[in-house]
1. Excluding A:Phe70 itself, calculate the net charge of residues whose Cβ lies under 13 Å from the Cβ of A:Phe70, where each Lys or Arg counts +1 and each Asp or Glu counts -1.
2. Could you tell me which of rounded, prolate or oblate describes segment B:1-82, using a ≥ b ≥ c as the square roots of the eigenvalues of the alpha-carbon gyration tensor, with rounded for a/c under 1.5 and, failing that, prolate when a/b is larger than b/c and oblate otherwise?
3. Over the residues of the protein assembly as shown, compute the C-alpha Rg and express it relative to 2.2 N^0.38 Å.
4. Can you give me the span-like helices of chain B, meaning DSSP H runs with 20 Å or more of Cα extent along the axis and Kyte-Doolittle mean at or above -0.5?
5. Mind checking A:98-108 for the average number of partner chain beta-carbons within 10 Å of each residue's beta-carbon?
6. Counting helices only, and only those DSSP H runs with n ≥ 4, report the 222 nm mean residue ellipticity of chain B as the sum of -39,500 (n - 2.57) divided by its residues, in deg cm²/dmol to the nearest 500.
7. Out of residues 5 or more away from A:Asp20 or on other chains, whose amide H comes under 5 Å of its own, with H placed 1.01 Å from N in the peptide plane?
8. With the contact rule set at Cα under 8 Å and sequence spacing of 6 or more, what percent relative contact order holds for chain A?
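All of the numbers you see were taken from the coordinates with simple rules; none came from a lab. From a predicted model like this one, the values you see are computed outputs, not experimental measurements. Here Cβ is always computed from backbone atoms with ideal geometry, including for glycine, and neighbour counts include all displayed protein chains.
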Amino acid sequence: MSDDAVPAQAALRLAGVDVDLGGRPVLRDAGLEVRSGELVVLLGPNGSGKSSLVRAAVGLVPSTGTIELFGTPLARFRDRRRLGYVPQRSGVTVGVPATVREVVLGGRLPRHPVLGLHGPADRRAAAEAVERVGLADRLRTPFTELSGGQQQRVLIARALSNDPDLLVMDEPTAGVDREHTEQLAETLADLTASGTAVLLVAHDLGPLRPHVTRAVVLEHGRVAYAGPCDAVHDEGHQHPHTSDPAPVTPVPGEGVW
Amino acid sequence: MLELLQYPFMQRALLAAVFTGLAAPAIGTYLVQRRLALLGDGLGHIALTGVALGLLTGWAPTLTAVAVAAAGAVLIEVLRRSGRTSGDVALAMLFYGGIAGGVLLTGLAGASAAVLNRFLFGSITTVSSSDVWVVAVLGVLVLTLSLVLAPQLFAVCQDEEHAKVSGVPVGLYGILIAVLAAVTITVAMRTVGLLLVSALMVVPVAAAQQATRSFRATHLVAMGLGLVAAVGGVVTSYEADTQPGPTIVLIALVAFVVAALVRVVAGRVRRVRPVGST
């Protein structure tokens, strides 16, 4: 690759994004960029709009402003195989039992979203992804028989199974023990080293810290800080401690959601 | 046993039972996964209005039932998706509106309660050759789409948001599942009847779940149990001189009770067995 200063196209770009839910403003004028090989962590207290931001980024909640995936506006983005998504908590319905493999195979759907059965390559990719999150021996176990942390790791495997260029993860470490959070941090480091862009919501940085390119802190639905994570402390809520924080303008009438 | 195959009406009844027994759990598994087990009941009620419309206009009741039930299925999915009405309220409106419309239109058509009963509780022994063809074509359609689109339909029912992010047309497939359920109800209408059709969509799935650990296995075992219940019900009703519809449903329920008991007993045996024993 040339060293010429041609800025890489952002895998994800948000600018001036507003989100209202139930008539209430939850995100105002939000903006961020995640480029190839970057791990950007979204921090902030409960109700600060972190999940709304990532859900808006993947098109799960309506928003205004600019959202682009690989330079294409979200509404026109069709190359879904480049995008991996890990929801905040399991949206997996359990009316009928499904094995870990069946859940993870869902991550291969962007390759045949309208028609087509899963083939040997899909099953191989699913098995590799499950191995990557340390659950290789649970491939045939029903998803509901796993602990909350293990279920979360299965959902991470589902996103990894498609080898995405952009990984959007909403609190993937929630309920996951320290050992497996460290394992996830190593996996994410490998992914970013190979060029994957990662946007991740977290309550604290923990073992992720050495691998984080940039931290973005949300407060009251606005970006309060964006920069190196050195200025962000893990204890308690993530208040940025920096000599030059981005100005925070309170939104009239807004409280902590 | 083979004696009953000599009768053309039983041949037709058994053929209808085969398609019904396979198709109902094939789509019912998706409804159970989606926690919409009662959707079949609601659509069964609205199909009654379709039957009555056929009686009133002189068109084939099976076809009018398919059309009205499919329209109802689309409506309920749109209402559910728009979030303006909760799923159970939308279902309740279908229940009441379907029954009221069916009884009202049947009365206007001058048809007797006995005619209505044929559709409410099934009348498999009066199935004509053309009925068998309709049941076969619609049954194969439901089976084919349920199996060919299994990864996509499973994703929509299991984690709709993830399916949406993956590019699966969740709105379209949500409507397809509801419409296939409506078609299945019409397929099963002559076999088990509109009031019991939902049982054949749900009970074999519930029974299969007692013994399976994967979605795919549940899907296939439920279809097998549906087939056994439907064919077994027709045969039993012939031998025991009982009504086929309720007999089919009771056989499915017995299968569920047996499977549940086996599961409980097997669970206790596993707990009692010392650790490390094989």
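1. Working: positive: A:Arg13, A:Arg35, A:Arg76, A:Arg78, A:Arg80, A:Arg81, A:Arg82; negative: A:Glu33, A:Glu68, A:Asp79, A:Asp165.
Charge balance near A:Phe70 sits at +3.
2. On the way: a/c = 3.91, a/b = 1.43, b/c = 2.73.
Oblate shape, in that a/c is at least 1.5 and b/c is the bigger or equal ratio.
3. Details: Rg = 27.3 Å, N = 535, 2.2 N^0.38 = 23.9 Å.
Compared with the compact-globule rule of thumb, the protein assembly as shown sits at 1.14.
4. Details: long enough: B:8-33 (38 Å, 1.08); B:39-57 (27 Å, 1.32); B:61-82 (31 Å, 1.22); B:87-109 (32 Å, 1.56); B:129-148 (28 Å, 2.11); B:170-189 (28 Å, 2.36); B:215-240 (35 Å, 1.15); B:244-272 (42 Å, 1.63).
Span-like helices, by this rule, are B:8-33, B:39-57, B:61-82, B:87-109, B:129-148, B:170-189, B:215-240, B:244-272.
5. Values: counts 10, 6, 1, 2, 8, 6, 0, 3, 10, 3, 3.
Mean partner-chain Cβ count within 10 Å for A:98-108: 5.
6. Values: 12 runs with 222 residues, N = 278.
So the helix-based figure for chain B works out to -27000 deg cm²/dmol.
7. The answer is A:Val26.
8. Details: 522 pairs, mean separation 68.1, N = 257.
For chain A, the relative contact order is 27 percent.
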